[in-house]
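Scroll down for the structure; my scribbles are underneath it.
Derivation of every value follows stated rules applied to the coordinates shown; laboratory data play no part. Bear in mind that the values here come from a model prediction, so they are computed numbers and not experimental data. Here the Cβ is made from the backbone with ideal geometry for all residues, glycine too, and neighbour counts use every protein chain on show.
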């Protein structure tokens, strides 16, 4: 049974989410603010977090940023504003998905299911997308009989992006997760590595595309 952290200042919203996800066998940890959320996570780990961006002050964004820094747990942000600038802020804070309030319970459930599927893919040593296999144990990328020689950082970037299809990663997140938090070089090294990786992957596989998200970063798109 997957455990979902639900952070929302409104009790009725938390109960609606708890009942919606509970019907699918998902267990919810409820929290009304960031302090409650950290306390809940100390008592029981969660596989995914649903966070209301309207927590007092900037608590919602701060919580997203801290959870993203600490783990790869999927983050679904609930918000009452649908402007692009607000969505950009959410994704820069580390969100994987964004749902506008008021929401349909079924849509919430479907989005949570999709995020959990991506999380399970990320836990695997091997990712298969169409005919392309990305093997972390052997540091190998193959499509049918063809293999793709990649440098270590290029492979790490590809595996990270492929582990979370459609998730937007900022340059800062990729630097921290691939190069390390103590990296002090040029941030543009991400762009250089992505450019080379994109050229090679696109030539090998027609079902994988590495997309630039203007003003945010990069995401991996899977094509049928």
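Within the listed set 23, 119, 143, the residue fluctuating most in the Gaussian network model of the chain (springs between alpha-carbon atoms under 10 angstrom) is 23. With the convex hull constructed from alpha-carbon coordinates only, the stretch 67-114 shows a mean projected area of 3.4 nm² over all directions. For the chain, a Gaussian network of Cα nodes joined below 10 Å ranks 115, 157, 148 by mean-square fluctuation, and the top entry is 148. Annotation: the residues 1, 73, sorted from fewest to most other C-beta atoms within 10 Å of their own C-beta, follow the order 1, 73. Taking the DSSP bridge list for the chain and keeping only pairs wholly inside it, about 50 percent are antiparallel.
Across 50, 128, 184, mean-square fluctuation computed from a Gaussian network of the chain (C-alpha pairs under 10 Å connected) peaks at 184. Exposure proxy shown here: for 186, 156, 58, 52, the number of other Cβ atoms within 10 Å sets the order, fewest to most, as 186, 58, 156, 52.
Angle of helix 105-122 to the longest C-alpha principal axis of the chain, folded into 0 to 90 degrees and rounded to 10: 40°. So for the stretch 27-146: antiparallel DSSP bridges make up what percent, rounded to the nearest 5? The antiparallel proportion sits near 55 percent.
Taking a quarter of the surface of the Cα convex hull of the chain gives a mean projected area of 13.1 nm².
Rounded to the nearest 10 degrees, the inclination of helix 189-204 to the longest alpha-carbon principal axis of the chain is 70 degrees. Measuring from centroid to centroid over Cα atoms, what is the spacing of the stretch 150-198 and the stretch 1-39 in Å? So the separation of the two Cα centres works out to 32 Å.
Rounded to the nearest 10 degrees, the inclination of helix 11-22 to the longest alpha-carbon principal axis of the chain is 50 degrees.
Helix content alone sets the calculated 222 nm mean residue ellipticity of the chain: runs of n ≥ 4 DSSP H residues at -39500 (n - 2.57) each, divided across all residues, give -13000 deg cm²/dmol.
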